[in-house]
Amino acid sequence: MDSATSEVPSLRTPLSDAAETGLKIVIVGGFGAGKTTLVRSVSEIRPLNTEEVMTQAGVGVDETHQVSSKTTTTVAFDFGRISLSRSMVLYLFGAPGQERFWFLWDRLFSGTLGAVVLVDTRRMDDSWYAIDRLEHHRTPFVVAVNRFDDEPERYSLDEIRQALALPEHVPLVDCDARVRSSGKDVLIALVDHLYEMSLAQQAAQTPQAQ
Amino acid sequence: MTRKPVDTGDPDRLYMVTGGRTRTDDSFDLVTLVVTECEPTAGMQSEHVRILEMCRHPTALVEVAAEMKLPITVVRILLGDLLATGRISARHPPSTRSAASLPDTDLLKEVLHGLRNL
C-alpha cells in the first residue's frame, strides 16, 4: 500500500545538530513590494512555501465579516532561513499585508522577534494597514523602503515618514531587497531597534499597566 | 513572483492523514525544532516515517510542512503523535510570549552578532 521507503529528496542543507533555538522575523508588505525578494536575498536556503488552513473558530471577532461565508481560509507564505550560530537559527517569513490576511497574525506569528514593513513608494497605501495592525499588536517593527529603479519620483525618507504618519521612534531605512548586504542591514536595523527597546524596558523595570 | 499553493486539493487525503482529527497541538511553534529519536518501524504511517527521516537533523516545523506539502495544522497533529510516543523530541523557541513583551538583551546581542557575521 504505502511504499514510502524511497529517500526523501531534499534541497535543504540540514541545520547543525546543536541547533536549539528557532527565532522568527516577519517581513510584511503589499503585493509586489519585494517580500520574497528580500527573503531570498538573505536566506541560506532557497525560500520555501507553505500554508496554514484556518478554521473560523480561530478568527478574530473584528474580522469575521471578511470570511463570514467560509468555514476555512487558507493563507500561503514564503520563508527562508539564516543560521546565526551553531545553536541559533532565524526564520524569515514573508507575510501578505493585505487586510484580509491579518486575522492570521496572532496564530501564525506570535512570539516573533519583530517585523519589517517593506514599502513600495508607488503603492504606499498598501503599508498603512500593516503599520496600523503592528502598532495595535504592539509588535516592534522597522519600515524599509524598497527602492525600485522605475520610481516616477524619488521621495525622501522624511517625505515617506510623513506620508505614512510614522512616529519618530520607528526606524525608517532605505533598502534594495535584491541585494544581500542591504537585506542584512534591514534585519540589523530591526534587531538594533529591539535591543534599544529591550534595554529601555530593563532600565524602566516597572511593568507597564495594560 | 509566483506563489504556488501547496497541494492540498484533496480534503479526503488530509482527513486520512490525521485520522479525521482537527485539533492541533499548539505547543508546536512554527520554528520549534524537531529531532528524531528513533528509527521508523514497520507498519508506521508513511507520513510519520517521512518525518522521522527528515528530522535526523533538527528541522523546524515549518520546514517539515513545506517539504511534505501539508498544511501546518496537519503537521502539528502528526508531530503531536510522534512526540506523545517519544519518537521525536521538540526544541521549542525561547518563549511563546505575548507580542507586547521584548526578548532579553543577551539573546538580541547574540542575534546581532550572528547577523553582522553573515
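Annotations for the structure displayed:
- Sole exception among (1) surrounded by 14 or more Cβ atoms within 10 Å (Cβ to Cβ); (2) more than 8 Å from every other protein chain (Cβ to nearest Cβ); (3) under 27 Å from A:K184 (Cβ atoms) for B:D106, by number: (1)
- Comparison of A:A189, A:A177, A:A204, A:A163 shows that the only residue that is farther than 28 Å from A:S43 by Cα and surrounded by 13 or more Cβ atoms within 10 Å (Cβ to Cβ) is A:A163.
- Of everything in the range B:69-94 that is of a type in the set (A, V, I, L, M) and either over 15 Å from B:M16 (Cα atoms) or assigned to a loop (DSSP other than H, G, I, E, B) (or both), the residue that is nearest to the other protein chains (Cβ to nearest Cβ) is B:I72.
Quick grid of which residues meet (1) within 30 Å of A:L38 (Cβ to Cβ); (2) modelled with pLDDT of 95 or more; (3) touching a Lys or Arg at 6+ places or on another chain (Cβ under 9 Å):
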position	(1), (2), (3)
B:V6	yes, no, yes
B:V17	no, no, no
B:R23	no, no, no
B:D26	yes, no, yes
B:L30	yes, no, yes
B:L61	yes, yes, yes
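- All conditions in (1) facing chain A (nearest Cβ under 7 Å); (2) more than 19 Å from A:T50 (Cβ to Cβ); (3) touching a Ser or Thr at 6+ places or on another chain (Cβ under 9 Å) hold for B:R56, with the sole exception of (1).
- Residues that are facing chain A (nearest Cβ under 9 Å) and either under 23 Å from A:T21 (Cβ atoms) or among the acidic types (D, E) (or both) within the range B:38-53 comprise B:E47, B:E53, listed in sequence order.
- Among the criteria (1) at pLDDT 95 or above; (2) buried (at least 22 other Cβ atoms within 10 Å of the Cβ); (3) facing another protein chain (nearest Cβ under 7 Å), the one B:V34 does not fulfil is (3).
- Meets criteria (polar (S, T, N, Q), modelled with pLDDT under 75 and part of a strand (DSSP E or B)) for A:T50: no
- Residues of the range A:23-52 satisfying the condition of being within 11 Å of chain B (Cβ to nearest Cβ), of a type in the set (A, V, I, L, M) and within 14 Å of A:V117 (Cβ to Cβ): A:I25, A:V26, A:A33
- Count of the range B:59-68 residues, restricted to those that are among the small types (G, A, S) and either more than 9 Å from chain A (Cβ to nearest Cβ) or in a strand (DSSP E or B) (or both), is 1.
- Hey, A:L108 crowded, with 17+ Cβ neighbours inside 10 Å and in contact (Cβ under 8 Å) with a residue 40 or more places away in the chain or not: yes
- Those residues of the range A:161-184 which are over 20 Å from A:D150 (Cα atoms), touching a residue at least 40 places away in the same chain (Cβ under 8 Å) and hydrophobic (A, V, I, L, M, F, W, C), in sequence order: A:L164
- Put simply, of A:A144, A:A200, A:A165 the only residue that is over 16 Å from the mean Cα position of the chain (by Cα) and more than 14 Å from chain B (Cβ to nearest Cβ) is A:A165.
- Set side by side, the residues B:P93, B:P58 differ, and just one is within 15 Å of A:M88 (Cα to Cα), surrounded by 19 or more Cβ atoms within 10 Å (Cβ to Cβ) and more than 11 Å from the chain's Cα centre (by Cα), which is B:P93.
The values are calculated or read from the model by the stated rules, or taken from the named source; none is laboratory data. Note that the structure is predicted; figures quoted are calculated from it, not measured. Here Cβ is always computed from backbone atoms with ideal geometry, including for glycine, and neighbour counts include all displayed protein chains.
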